[in-house]
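Okay, structure first, notes after.
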Amino acid sequence: MPTQVDIKITALGGRGDGIGEVSGERVYVPFALPGETVLATLTGNRARVDEITKPSPDRIEPICPHFTRCGGCAVQHLDLEAYRSWKKGIVETALANRGLDAPVEELLDGHGEGRRRVTLHVRFHKGRVLAGFMQARSHALLDLDKCPVLVPALFGAADVARSLAAPFKGLGQPLDVSFTATESGLDCDIRLAKAPKELDMDARMDIADMATDLDLARVTVGGDIVVERRPPVIHMGAGRIVPAPGGFLQATQAGEDVLAGLVMDHAQGAGKIADLFCGVGPFTLRLAAESSVLAADNDEEQIAALGQAVRHCQGLKPITPEVRDMFENPYRSEELSDFDCVVFDPPRVGAQAQARELAASRVSSVIGVSCNPASFARDAAVLCDGGFRLERVTPVDQFKYTRHVELVANFRR
């Protein structure tokens, strides 16, 4: 049964929860900070703050009125310097857990103006259309007005999502609307839990009318284009990318620029580079200003978008886009040995199979980019066991106020 207890918070966990002890057992307290004493309702090993009886000097006012209710942000209440130290510590802990002793630099800001991508959940409830994020540790939806961590172009995204959901009200099922703020307007992709085999003409016409009224660049349903008033364009280096509907991009423009700048810094002097898990080419299109690049990814649509951009670029070194599943079919050590440098930026699960092949290759320089310090540290240990030295790790804060942290690292033989 839940009980009310006093808890002294001694640490901030990797997920942003305060950590304390009750009767010798560790407990987790969301939205509490180290140095605080809280009166909290305890259920199992988790507690809900009822009152902060001794606040931390690092506690600040959150920027969003929905903080603690919304499931998106975890640490808006933490002073900037303490926050930066916490995020850097997440990377340091991940490396230490794998026995890796490498210098971790100070956290770089990758937030900039805010996130240019967001997915909003839409639900129909008692005649209303709700759009927003899930509430913290709940299946209930928080109906959103606007989110301050988004770029200004997405401040009205919740209202747009409610409008775009109207033609699907009769289906009686939840849906998601993904938005990307591009240079030519909003790119919107609607995903239904059970998509109809074919969207009827009335729904298509309604969506087309809304796209005009709301001045949207493109609207797709399940990846199929319903209306494209303007190609949704994003410039990357010398390239002009039109991403696939719902396709992956770095969450912020600032984050992409910071990550790419670090990659280019580490790759200086390399004549031939392999960019593995390249996506639509945020690194490829910049690296190709000085080096020839093999650009590989398992997503055909991403490679197609990159290939289209390459065809319209001038003044770049040769770029070879290639579709390849590097989980099932990693580049073998002998295939990699002709490259001066390899960049790899895998999904959150990491790239263990590819790391083994890199470790066995004659490549002298590897640049790792990751959104998951734990899987990165696992793959880094493979490289170090294979003769590489982890020289430098730079954390990048692209997902501000959350537990997520990106990093760029360089390895040398």
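The values are calculated or read from the model by the stated rules, or taken from the named source; none is laboratory data. If you're wondering where the values come from, they're calculated on a predicted model, not measured in any experiment. Cβ placement follows ideal geometry from the backbone for every residue including glycine, while neighbour counts extend to all protein chains displayed.
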> What tally of residues in segment 323-364 results from selecting those that are over 23 Å from Val408 (Cβ atoms) and either acidic (Asp, Glu) or in contact (Cβ under 8 Å) with a residue 40 or more places away in the chain (or both)?
Replying inline: 5
>> When the residues of segment 1-17 are narrowed to those that are of a type outside the set (S, T, N, Q) and touching a Pro at 6+ places or on another chain (Cβ under 7 Å), which ends up surrounded by the fewest Cβ atoms within 10 Å (Cβ to Cβ)?
In response: Ala11
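Name every residue in segment 57-94 that is among the small types (Gly, Ala, Ser) and without any contact (Cβ under 8 Å) to a residue 24 or more places away in the chain, in order of residue number. Let's see the steps before the verdict.
As a first pass, look at segment 57-94 and keep what is among the small types (Gly, Ala, Ser): 71-72, 74, 82, 85, 89, 94.
Within segment 57-94, Ser85, Gly89 qualify.
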> If Gly72 passes every condition in (1) at pLDDT below 95; (2) surrounded by fewer than 20 Cβ atoms within 10 Å (Cβ to Cβ); (3) under 22 Å from the mean Cα position of the chain (by Cα) but one, which one does it miss?
Replying inline: (2)
>> What's the total number of residues in segment 267-293 that are in contact with a helix residue (DSSP H, G or I) (Cβ under 9 Å, 6 or more places away or on another chain) and outside any helix (DSSP H, G or I)?
In response: 17
>> Given the criteria in contact with a Pro (Cβ under 7 Å, 6 or more places away or on another chain), closer than 29 Å to Ala11 by Cβ, not assigned by TED's automatic domain parsing to the domain that holds Pro395 and not β-branched (Val, Ile, Thr), does His66 qualify?
In response: no
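Given the residues Ala136, Ala193, Ala166, Ala181, which is the only one that is among the hydrophobic types (A, V, I, L, M, F, W, C), free of Cβ contacts under 8 Å to residues at least 60 places away in the same chain and surrounded by 14 or more Cβ atoms within 10 Å (Cβ to Cβ)? Spell out how you get there, then give the answer.
Working: Ala136 fails: free of Cβ contacts under 8 Å to residues at least 60 places away in the same chain; Ala193 fails: surrounded by 14 or more Cβ atoms within 10 Å (Cβ to Cβ); Ala181 fails: free of Cβ contacts under 8 Å to residues at least 60 places away in the same chain.
Testing whether each residue is among the hydrophobic types (A, V, I, L, M, F, W, C), free of Cβ contacts under 8 Å to residues at least 60 places away in the same chain and surrounded by 14 or more Cβ atoms within 10 Å (Cβ to Cβ) leaves just Ala166.
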>> Quick check on my filter: what residues within segment 196-238 are surrounded by 18 or more Cβ atoms within 10 Å (Cβ to Cβ) and under 27 Å from Arg311 (Cα atoms)?
In response: Leu216, Ala217, Arg218, Val219, Thr220, Val226, Val227, Pro232, Ile234, Met236, Gly237
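Just to check your reading of the model, which residue among Arg392, Arg412 is within 30 Å of Leu78 (Cα to Cα), surrounded by fewer than 21 Cβ atoms within 10 Å (Cβ to Cβ) and more than 18 Å from the chain's Cα centre (by Cα)?
On inspection, the qualifying residue turns out to be Arg392.
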> With respect to the numbered conditions (1) crowded, with 17+ Cβ neighbours inside 10 Å; (2) over 27 Å from the mean Cα position of the chain (by Cα); (3) of a type in the set (Ser, Thr, Tyr), which one is the sole condition not fulfilled by Thr53?
Replying inline: (1)
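Would you mind finding the one in Leu249, Leu259 that is under 18 Å from the mean Cα position of the chain (by Cα), under 24 Å from Gln314 (Cα atoms) and assigned to a loop (DSSP other than H, G, I, E, B)? Break it down into steps so the answer makes sense when it comes.
Details: Leu259 fails: assigned to a loop (DSSP other than H, G, I, E, B).
Only one candidate passes the filter, namely Leu249.
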> Of the residues that make up segment 278-297, is at least one in contact (Cβ under 8 Å) with a residue 60 or more places away in the chain and of a type in the set (Phe, Trp, Tyr)?
Replying inline: yes
> What do you reckon, is Val349 farther than 30 Å from Val118 by Cα, part of a loop (DSSP other than H, G, I, E, B) and in the same structural domain as Glu256 (by TED's automatic domain parsing)?
Replying inline: no
> Taking segment 355-382 as the region of interest, how many residues are surrounded by fewer than 23 Cβ atoms within 10 Å (Cβ to Cβ) and in a helix (DSSP H, G or I)?
Replying inline: 9
>> Among the numbered criteria (1) assigned to a helix (DSSP H, G or I); (2) touching a Phe, Trp or Tyr at 6+ places or on another chain (Cβ under 9 Å); (3) buried (at least 22 other Cβ atoms within 10 Å of the Cβ); (4) among the aliphatic types (A, V, I, L, M), which one does Val343 miss?
In response: (1)
>> Whether any residue in segment 395-402 is in contact with a strand residue (DSSP E or B) (Cβ under 9 Å, 6 or more places away or on another chain), farther than 30 Å from Cys64 by Cβ and outside any loop (DSSP other than H, G, I, E, B) is what I want to check.
In response: no
> Can you name every residue in segment 42-70 that is closer than 20 Å to Leu141 by Cα, assigned to a loop (DSSP other than H, G, I, E, B) and in contact with a strand residue (DSSP E or B) (Cβ under 8 Å, 6 or more places away or on another chain)?
Replying inline: Cys64, His66, Thr68, Arg69
> Any residue in segment 336-351 that is at positive phi, out of contact with any Lys or Arg (no Cβ under 9 Å at 6 or more places or on another chain) and not charged (D, E, K, R)?
Replying inline: no
